[in-house]
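To start, the structure itself, in structure tokens.
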Amino acid sequence: MLQQTHVNTVLPFYRAFFLQFPNVRSLAQADINNVLKVWEGMGYYAPARNLYQAAKTVVEKHDGKYSLEGFEIASKQLMVGWSGIY
């Protein structure tokens, strides 16, 4: 969410996104159009699609359990361009 966007701009979107999708399962089970709707206003929809796909992978292949290392690997595989935790 912070890709070329200021923190103060992102905060309302961050809160809305995590209210709608509080965990990896809720994101993985959502309809992609719903995910993109919640992301709307941020521009750059590719990170939303990549995060959605990463969540689906974590749920489908790892029963919703993940470690930071595992998420980094999944993120790199999806070319999210992991740059750390903000």
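Karplus-based coupling profile of the stretch 15-32, in residue order and whole Hz: 4, 4, 4, 7, 6, 6, 10, x, 8, 5, 5, 5, 5, 5, 8, 6, 7, 4, with θ = phi - 60° in 6.51 cos²θ - 1.76 cosθ + 1.60 and x standing for Gly or Pro.
For the stretch 37-44, 3J(HN,Hα) computed residue by residue from phi via the Karplus equation (6.51, -1.76, 1.60; θ = phi - 60°) reads 5, 5, 6, 3, x, 8, x, 5 Hz, glycine and proline entered as x.
Read the figures in this text as sums done on the coordinates, not as results from a lab. What you are looking at is a predicted structure, and each value in this text was computed from that prediction instead of being measured.
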